[in-house]
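Each remark here refers to the structure printed beneath this line.
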Amino acid sequence: MSKRNVAFQGLVLSRQNYRESDLLVKLATAEYGKKMFLLHRAKKPGFRMTAGILPFTQADYTGTINEDGLSYLTTVQSAQQFQHIAEDITLNAYATYILGLIDLAFPDGEALGAWYDFAQTSLALIDEGVDPAIVTNIAEVQLLGAFGVAPNWRGCVLDGRSDLPLDFSERYGGLLCQNHWPEDAYRFHVQPKALYLLRQFSVLDLHQVHAVTVTAATKKELRRVLDRIYTDMVGTVPKAKRFLDQMQQWQDHLPPAPQPDPGKEPHDAH
């Protein structure tokens with residue numbers, strides 16, 4: 001079944017070479033979910049829709065949507081690339097990972113609805129300078145439900161209490177209060193600051209996120225906890241995760257930036 005001359009907004013998820021001069025471009029859309037589009041001669045100089053199929057681009061499109069198989073684009077309007085993401089390898093890595101999570105979480109063709117706005121807003125925040133690691137953590141927490149894993153972040157899964165120290169339990173699929181910690185010898189031992197943030201992330205509206213400041217130690221703890229949840233409870237991660245991990249390990253081993261000597265006045269070089 002085909003729908004011709006359909007107008008829709010889309011976000012480029014990925015692209016790959018196809019034959020000598022063609023491209024396959026996967027777009028996320030709110031109404032039609034993820035669709036793969038075949039663009040003939042897209043690698044040739046002067047291709048008229050190039051601006052709309054660049055990585056990290058959102059645009060208004062018209063085209064043919066096929067329920068099965070490949071779809072086709074006719075026109076592109078109002079194409080806008082997230083420029084800072086496209087130009088910065090670190091931002092690029094985080095954005096690629098978030099898009100990879102969304103790609104894995106939903107079957108092709110399933111309407112994304114509000115998740116389309118979620119993907120778009122996540123990239124916009126990173127492009128605007130909000131800490132990409134924190135935006136990524138928020139995405140990871142909120143996408144757990146889409147993967148069929150929906151931890152209870154509200155309070156203890158056994159008695160509902162939230163007025164006692166809490167920890168995360170994979171066995172019970174959520175939080176345990178201190179009274180029930182003996183029930184799970186393998187609880188995560190999450191640091192309180194990180195657990196507080198994880199609970200906030202689970203209900204946070206991305207549109208309300210502005211500047212976020214989190215210490216390096218807490219960010220490392222968030223990474224530990226979410227990596228364990230995705231490895232043990234979700235069981236799949238995008239290919240982009242490996243590069244992101246390698247990049248973070250490299251950054252962890254960088255020497256600290258030199259600090260100016262407060263006893264010396266800055267001067268111009270001659």
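Every number in this text was worked out from the coordinates using simple rules, so none of it is lab data. What you see is a predicted model; the values in this text were computed from it and never measured. Glycine gets a Cβ as well: all are built from the backbone with ideal geometry, and neighbour counts include every protein chain shown.
Quick rundown of the values:
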quantity	calculated
Residue with peak Gaussian network fluctuation, the chain [Cα springs, cutoff 10 Å], from Gln249, Gln178, Gln120	Gln249
Computed FRET value (nearest 0.05) for Leu204 with Gln83, which takes r as the C-beta separation and R₀ as 22 Å	0.30
Taking the chain and dividing mean pair separation by its residue count, relative contact order in percent (alpha carbons under 8 Å, at least six apart)	15 percent
Whichever aspartates and glutamates have a C-alpha closer than 13 Å to that of Lys219, once near sequence neighbours (fewer than 8 apart) are set aside	Asp131, Asp227, Asp252
For the chain, built as a Gaussian network whose Cα springs stay under 10 Å, the top-fluctuating residue of Leu143, Leu204, Leu164	Leu164
Surrounding net charge for Glu20, when Lys and Arg each add one and Asp and Glu each subtract one, Cβ distance under 12 Å	+3
Among (i) 199; (ii) 122; (iii) 145, the entry that matches volume of the Cα convex hull per residue in Å³ as calculated here	(i)
Residue (of Leu39, Phe56, Leu198) at the positive-pole extreme of the chain, dipole from beta-carbon charges	Leu39
Relative contact order [Cα under 8 Å, 6+ residues apart], segment 77-208, whole percent	20 percent
Residue of Asn179, Asn152, Asn92 that the Gaussian network model of the chain assigns the largest fluctuation, springs spanning Cα pairs under 10 Å	Asn179
Ratio of Rg to Rh over segment 83-161 (Cα coordinates, Kirkwood Rh, two decimals)	1.06
At most 15 other Cβ within 10 Å, DSSP loop - chymotrypsin sites (Phe, Trp or Tyr not before Pro), segment 136-204	Tyr186
Under 17 Å from the Cα of Lys43 - lysines, other chains or at least 8 residues apart	Lys26
For peptides 6-18, 66-78, sequence by mean Cβ density within 10 Å, most packed first	6-18, 66-78
Members of Lys35/Lys241; Lys35/Lys193; Lys34/Lys241 lying beyond 32 Å, as alpha-carbon distances in this model show	Lys35/Lys193
Translational diffusion of segment 2-81, µm² s⁻¹ [Kirkwood Rh, Cα pairs; Stokes-Einstein; 20 °C; 1.002 mPa s]	174 µm²/s
